[in-house]
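Q: Here's a structure for you.
Please treat every number below as a calculation from the coordinates, not as lab data. Fair warning: this is a prediction, and the values are worked out from it, not measured in the lab. Every residue, glycine among them, receives a Cβ derived from its backbone with ideal geometry; neighbour counts consider all protein chains shown.
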């Protein structure tokens, strides 16, 4: 990029990223939109621009001067990467993704260029099977303390005694309701789907994601979120096809619709629920009492990472509780690390959206690897979307 | 020798990718998704599983192109035959300038214009409560017309601009009403431009997925959406490739048909579509 081109820019890269971050916060949903549309690539290009800026003279030699991370929208405190650059001289290029499948597709194709990425629990065994993630050298991660991690959320990072991924945060999949528009109190997935066809007609959104949309339709009948049984999936399909004409949208980008008041109810991930409720108090976050999904996002390092030293350095930096606590305050998802929880303000720990009561957590299920890759569920989703 | 670079360009960017897709389309989906080598036509046999998506696309493409045409023709007519000479260039530039911004950005802007805090909020202000514009078929049609309008206006403008004005005078001198002059002279002579614009917009619409996703709420499923899902979500590359090949074949058939029709109606004048 020539110097004259950069001079001609009406807005500086830093300024642009600030603006973008501000717009992204609260206006774009977690998984789907950025990755789907390529806005993530735009962010990545801007981050690369920053990478061209002169790095501090004290840059550690062995870490290089740049690395790239693949993660989710609204998922980090931008200051984290700025501070990491100040400390180490390594500029972090942030790639924002729409779905786990997309991340998998990119890594499978090779040469992703990432030195760190944020997969969800149910994908790690697939990555391991395909041999595209690195067994972690725990000696390089002194800030990580396994004994402080809640074992419920860390299990899937370790396969046959080898740790491939360490947890970032956990969360749940419930639904968000605008209680001014839908005044009847709701506590279950049955009510979610029934309301979608009644008072919530043409105002309800479901994820554009087979795992959660089919999973939560299965919960209507009390079946497992991960069911692969033909007859149970057939019942879920029947329900989905019946609900389809009543929906406002099939999209994982639900924050704009909920904020504008076009949508009154949506399937929703914890962190989006917390952000919506923070800004618009009448939007409540509900966990279906039948159960549903609980998830953990991990950090992992691809086998073909171009800058493994920086990948480890950033991962170790993110595992520092002082850093992690800021991350959690920014993205709104609950931490798996007891050391971080000690540092979080009381009102965060008391927030039932982030830390639901135990009886609501008990029936939740982690998504399974087979659920995500099942061709039958993919076809069911296609029939639902094209109906 | 000038053909060298052009041929190389075509081979690298058109022929090789097409061959790769063709090879994928006779393969199998690997257990974890992606592609594994095989030789089977199972993917093609499975095409009916996306019949609805094909059907939706076949309905959307001509309707969208027609709506675009109805809006574009008067604009092109005004630009070519009515606008004052000194304004013409500026007006043409105004038609083209929105193209400098990506379609994604412009469509995302419409999401906010049509969303609850946009036009519906204004309508509520003057007494029409709870009007919903976003995620309706009308919103999708609006997005399509808006997005592809310049592609329709420009070819029609070019053919009208080339129109010999003396023919219009002759028609009037011979007693034709303005309407019949328009129908039998202006319209007929601009048909090559109309068909070019129509086929251009229609072919792009055959692969459209962004506008229905953003302005239609993802409730209407076009073949473009099926492709995105197959490659990025379920990672069934072979089936996606088979659909892509079928879509290319359909596009070629549409092109040939459009060419035939316009050659016939415009009196055997050759039409360049590309």
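Q: What's the angle, to the nearest 10 degrees (0 to 90), between helix B:16-25's Cα axis and the longest principal axis of chain B?
A: That helix lies at roughly 50 degrees to the long axis.
Q: Now, a different point. If one takes the longest principal axis of the Cα atoms in chain B, at what angle in degrees, from 0 to 90 and to the nearest 10, does the Cα axis of helix B:103-114 lie?
A: 80
Q: Can you give the alpha-carbon Rg of the stretch B:157-210 over 2.2 N^0.38 Å, where N counts its residues?
A: Normalised by 2.2 N^0.38 Å, the Cα Rg of the stretch B:157-210 equals 1.51.
Q: When all C-alpha to C-alpha distances in the stretch B:101-247 are sorted into bins of 10 Å, what percent of pairs does each bin hold, rounded to whole numbers?
A: Pair shares across the bins are 10, 25, 24, 20, 15, 5, 0.
Q: While we're on this one: If contacts are Cα pairs under 8 angstrom and at least 6 residues apart, what is the relative contact order of the stretch B:3-265 in percent?
A: With pairs under 8 Å counted, the relative contact order is 31 percent.
Q: How would the stretch B:135-175 be classified by its alpha-carbon gyration tensor: rounded, prolate or oblate, with rounded meaning a/c under 1.5 and the a/b versus b/c comparison settling the rest?
A: Since a/c reaches 1.5 but b/c is at least a/b, the shape of the stretch B:135-175 is classed as oblate.
Q: Find how much the distance from residue A:346 to residue A:235 grows on full extension, using 0.36 nm per residue of separation minus their present alpha carbon separation; answer in nm with one decimal.
A: Full extension of this stretch gives 35.6 nm more.
Q: When a/c is below 1.5 the answer is rounded, else prolate if a/b is larger than b/c, else oblate, so apply that to the stretch A:238-278 with a ≥ b ≥ c taken from the square roots of the Cα gyration tensor eigenvalues.
A: prolate
Q: Then there is this: Averaged over all directions, how much area does the convex hull of the C-alpha atoms of the protein assembly as shown cover when projected, in nm²?
A: Computing the convex hull of the Cα atoms and averaging its projections yields 35.5 nm².
Q: If you take the Cα Rg of the stretch A:284-380 and divide it by 2.2 N^0.38 Å, with N the number of residues, what do you get?
A: 1.36
Q: Here is a further query. Report the residues of the stretch A:155-185 in range of a label on residue B:130: point 7 Å along Cα→C-beta, backbone N strictly under 12 Å from it.
A: Label zone hits: A:181-183.
Q: Still on this structure: Can you check what the Kirkwood hydrodynamic radius comes to for the stretch B:3-265, Cα pairs only, in Å to one decimal?
A: Result for the stretch B:3-265, one decimal place: 21.3 Å.
Q: Between residue B:248 and residue B:46, what FRET efficiency follows from the Cβ-Cβ distance if R0 is 30 Å, with the result rounded to 0.05?
A: 0.95
Q: What is the order of B:222, B:41, fewest Cβ neighbours within 10 Å to most?
A: By the 10 Å Cβ count, ascending, the order reads B:41, B:222.
Q: If the chain between residue A:160 and residue A:194 were fully stretched, how many nm would it gain, using 0.36 nm times the residue separation less the Cα-Cα distance?
A: Extra length from residue A:160 to residue A:194 when fully extended: 7.9 nm.
Q: Taking a ≥ b ≥ c as the square roots of the Cα gyration tensor eigenvalues, with a/c under 1.5 meaning rounded and otherwise prolate when a/b beats b/c, else oblate, which class fits the stretch B:1-138?
A: Judged from the Cα gyration tensor, the stretch B:1-138 comes out oblate (a/c at least 1.5, b/c at or above a/b).
Q: Test of understanding: ordering A:328, A:207, A:246 by Cβ neighbours within 10 Å, fewest first, what list do you get?
A: With the sparsest Cβ surroundings first, the list reads A:246, A:328, A:207.
Q: Kindly express, to the nearest 10 degrees and within the range 0 to 90, the angle between helix B:51-77's C-alpha long axis and the longest C-alpha principal axis of chain B.
A: Result, in degrees: 20.
Q: Could you compute how fast the stretch B:1-71 diffuses translationally, taking Rh as the Kirkwood radius over C-alpha pairs and applying Stokes-Einstein at 37 °C with viscosity 0.692 mPa s? Give it in µm² per second.
A: 209
Q: Based on Cα coordinates alone, diagonalise the gyration tensor for the stretch A:323-387, multiply each eigenvalue by 5, take square roots, and list the semi-axes in whole Å, largest first.
A: Equivalent-ellipsoid dimensions as semi-axes: 34, 14, 12 Å.
Q: In nm, to one decimal, how far is the modelled label at residue B:96 from the one at residue B:11, with both set 7 Å along Cα→Cβ?
A: So the label points at residue B:96 and residue B:11 sit 3.4 nm apart.
Q: Starting with the fewest neighbours, write out B:105, A:319, A:258 ranked by other beta-carbon atoms found within 10 Å of each beta-carbon.
A: Arranged by neighbour count, lowest to highest, B:105, A:319, A:258 become B:105, A:319, A:258.
Q: How many percent of DSSP beta bridges within the stretch A:172-267 run antiparallel, rounded to 5?
A: 40
Q: Right, next: Tell me the mean residue ellipticity at 222 nm calculated for chain B from its helices only (DSSP H runs of n ≥ 4, each -39500 (n - 2.57), averaged over every residue, nearest 500).
A: Calculated at 222 nm, the ellipticity per residue is -20500 deg cm²/dmol.
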